[in-house]
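Participant: Below is one structure. I have some questions about it.
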Amino acid sequence: MITSCDEAVARLRALPGLSCCARPLNVLPLLRTGCLSAVVSVEGPDAGWADEFGASFHALEPERGVRDHTSAGAGVHAVLRAIACTSGEDAGAGAGAGAGAAGGGWRGRELALLPYSAMKAEWRTALGALGARLLEPPSHVALPMLGDKRAQRAWLRSVGAATPPDAVVPALDHRELRRRFGSPYVVQTPVGSSGKGTHLVVDEADLRPIRRVGGGPWLVSGYVEGVAVNLHVLVSADSTVRVLRPSVQLTRIEGVGAPFGAYSGCDFAAPALLSPLALARAGTSARRVGEALAALGYRGLFGADFVLDGERPLLLELNCRMQGSTWLLGELELAEHALPSALRHVLELYGHATGGEPRTDAAGAVQLVVRHTGAPVRVAAAPGGGLHRLKDGRLRYCGAGFGLLECGPDDCVLLQLPSPGTVLLPGVPLARVVARHPLTTPDGTALTAPGRRLVDALRAGFVLEPLDEPVGSAVPCASR
């Protein structure tokens, strides 16, 4: 059983690691510990990441010059196809690397998948065409009910979890749904993540764009206006289930540009101000679900999203993968000299049981996602990534910073900023702000005064120009 970070790193470094993800930030604990040699992503790394972590980065955004809503699945596939368009052993240096290309070409390389989420069949095919040999975790029992929100909600109730009232409907009749669930209510498409496909409905007009897109039958739920809480849960290779630190999910915040349901960040300190009874009940529910998943063969991390209805936690959905908050949890664990959950996730998927009971106490770690609002624009100037401090209403650069570990009590770190020249579509992230102090109220629904000043200063650091031409979306060679 692996119990220390040194043991985990020694095991994972045995073969060069590859990770496919939406943004390099998602796998920061694997980069920090030197377990990755290559990252394929949609968004590119911030300046300095290639030198700091000694990995090659291959990303869609630097190649296209556009930050849009491309999913990780489509984006990673486009990057792999673009790499295939380059020839010879220098292929690793092209295809929108956006950073140094340590490690040379792909042909003949043996890479161990260190997954953020499951490997898609098209990625496997593209890597094979590049001549790389991919080592993957053993396959587990297929759990189709986890990929469909409608089936997942029914399964959650079958294992004893309390959920909001809901129904699966083939047609969206506002009058009937309002009578049944009250106003507002929530409509969800069967597949979606990070809030995509989740809609708050107040009146008939809110249903029209949902109907145009289609995707039904839909899951319709009653709206519960409570604190949103997320729990990481780890299912070990020996079927042990461990519930990790909770965080408050930041949502419905005015001023950060997020539509309803969109991920706006998390706060690992805020649970200290919530009802201990409600958190304990959420932990019990998450553990029960984890035990049911373990019995079906699931291994690794999953996330459980709750909303607190008073002291009663209602389970909304599961995310059976690493989450957008897993990297920040890993930063806390590294600071405490504990084995990061991201490394445990990978090891458990490969059948290596990890030991050690995780801490569940609150800790100062916040990330806030600030989004672009308005029409498509081009970035003429942007703040630099790294460590900053707010002074006289302006963000002052203080030095290199890659995450929470470089962040002091009064500082913030800016991450995943678009480069000058990048086109931004409406609703895409401008930056992720990381801090040790609260930026929102304890319920995660409003900016504090310091949080507001920080967001205002961040936006003031951008110079955005309107576009004179349509937004292009072609990736060189990607469609061939």
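What follows is calculated from the coordinates using simple rules that are stated; it is not laboratory data. Predicted model only: the values in this text are computed from it and were never measured. Methodologically, a virtual Cβ is constructed for each residue, glycine included, from the backbone with ideal geometry; neighbour enumeration extends over all protein chains shown.
Participant: GluC sites (Glu not before Pro) within segment 15-63: which are DSSP loop residues with at most 14 other Cβ atoms inside 10 Å?
Facilitator: For GluC sites (Glu not before Pro) across segment 15-63 that sit outside H, G, I, E and B with at most 14 neighbouring Cβ atoms in 10 Å, the list is empty.
Participant: OK, next. For residue 297, what charge total do you get from the other residues with a beta carbon under 15 Å from its beta carbon, if Lys and Arg give +1 and Asp and Glu give -1?
Facilitator: The answer is -2.
Participant: Now, a different point. Based on Cβ point charges of +1 for Lys and Arg and -1 for Asp and Glu, what charge dipole magnitude is obtained for the chain about its Cα centre, in debye rounded to the nearest 20?
Facilitator: 760
Participant: Once amide H atoms are placed 1.01 Å from N in the peptide plane, what residues at a sequence separation of 5 or more from residue 440, or on another chain, have their amide H within under 5 Å of its amide H?
Facilitator: Residues meeting the amide H criterion: 448.
Participant: Which of these values of semi-axes √(5λ) of the Cα gyration tensor in Å was calculated from the structure shown: [x] 50, 21, 20; [y] 46, 32, 21; [z] 32, 28, 25?
Facilitator: Here semi-axes √(5λ) of the Cα gyration tensor in Å agrees with entry [z].
Participant: Aspartates and glutamates within cross-link reach of residue 196: Cα-Cα under 12 Å, excluding same-chain residues under 8 positions apart?
Facilitator: none
Participant: Shifting gears a bit: Given the -39500 (n - 2.57) contribution per DSSP H run of 4+ residues, what per-residue ellipticity at 222 nm results for the chain, rounded to the nearest 500 deg cm²/dmol?
Facilitator: Estimated from H runs of four or more residues: -7500 deg cm²/dmol.
Participant: Also: Find how many whole Å separate the alpha carbon centroid of segment 113-188 from the alpha carbon centroid of segment 255-296.
Facilitator: Each part reduced to its Cα centre gives a spacing of 17 Å.
Participant: From the backbone phi of segment 37-52, what are the Karplus-calculated ³J(HN,Hα) couplings (6.51 cos²θ - 1.76 cosθ + 1.60, θ = phi - 60°) in whole Hz, Gly and Pro given as x?
Facilitator: Per residue, the Karplus-derived 3J(HN,Hα) values read 9, 8, 10, 10, 8, 7, 7, x, x, 6, 4, x, 5, 4, 5, 5 Hz.
Participant: Name the residues whose placed amide hydrogens come within less than 5 Å of the amide hydrogen of residue 2, ignoring near sequence neighbours (fewer than 5 apart) on the same chain.
Facilitator: Close amide H contacts, sequence-distant or interchain: 353, 354, 355.
Participant: Roughly speaking, what is the stretch gain from residue 449 to residue 469, that is 0.36 nm per residue apart minus the C-alpha to C-alpha distance, in nm to one decimal?
Facilitator: Between residue 449 and residue 469, full extension yields an extra 3.3 nm.
Participant: Using the Karplus curve 6.51 cos²θ - 1.76 cosθ + 1.60 with θ = phi - 60°, what ³J(HN,Hα) values do you get for each residue of segment 297-307, in whole Hz, with x for Gly and Pro?
Facilitator: x, 6, 9, x, 7, 9, x, 10, 9, 10, 10
Participant: Sort segment 210-322 into rounded, prolate or oblate with this rule: let a ≥ b ≥ c be the square roots of the eigenvalues of the Cα gyration tensor; rounded if a/c is under 1.5, and if a/c is not under 1.5, prolate when a/b is larger than b/c, oblate otherwise.
Facilitator: Judged from the Cα gyration tensor, segment 210-322 comes out oblate (a/c at least 1.5, b/c at or above a/b).
Participant: Once phi is turned into θ = phi - 60°, what whole-Hz ³J(HN,Hα) does the Karplus curve with 6.51, -1.76 and 1.60 give for every residue of segment 58-63, x standing for Gly and Pro?
Facilitator: Computed from phi, the couplings for segment 58-63 are 10, 9, 6, 4, x, 6 Hz.
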